[in-house]
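To start, the structure itself, in structure tokens.
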Amino acid sequence: MHPATTFMHAPPGYDLVVGAATITTAGLTGWHAQVVHVGSNAGDPGLLLSTGGVSIRAL
């Protein structure tokens, strides 16, 4: 069991069956690319190519 602060709410009007899962998937993909593949730390400069969900979450 995880505390309620572990989870995030889907924005109002979001399709909970299809769309809500993509919120955390984009965030995890951005984190994985920055931290695991690149080895970035908080405050490190970086270049994000795109304005899609993964890049926005990587910010």
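The values are calculated or read from the model by the stated rules, or taken from the named source; none is laboratory data. Not measured: the values here are computed from a predicted model. Note: ideal-geometry Cβ built from the backbone for every residue, glycine included; neighbour counts use all protein chains shown.
Looking at region 8-26, which of the residues that are of a type in the set (V, I, T) and assigned to a helix (DSSP H, G or I) is modelled with the lowest pLDDT?
The initial filter retains those residues of region 8-26 that are of a type in the set (V, I, T), namely 17-18, 22-25.
Pick out the ones that are also assigned to a helix (DSSP H, G or I) and you get 22-25.
Details: T22: 73, I23: 70, T24: 74, T25: 78.
Among residues in region 8-26 that are of a type in the set (V, I, T) and assigned to a helix (DSSP H, G or I), the one modelled with the lowest pLDDT is I23.
Cβ-Cβ distances below 6 Å connect the following pairs, each with a first residue in region 30-59 that is within 23 Å of M8 (Cα to Cα), a second residue that is surrounded by 10 or more Cβ atoms within 10 Å (Cβ to Cβ) and of a type in the set (A, V, I, L, M, F, W, C), and a separation of six or more residues or different chains: G30/V54; G30/A58; Q34/A58; G53/A26; V54/A26; S55/L48; R57/A26; A58/L48. Every test in (1) exposed (fewer than 10 other Cβ atoms within 10 Å of the Cβ); (2) at pLDDT below 80; (3) part of a loop (DSSP other than H, G, I, E, B) is passed by T5 save one, and that test is (3). I'd like the full set of residues that are at pLDDT below 80 and either surrounded by fewer than 13 Cβ atoms within 10 Å (Cβ to Cβ) or over 14 Å from the mean Cα position of the chain (by Cα) (or both), limited to region 27-59. Residues satisfying the conditions are S50, T51, G52, L59.
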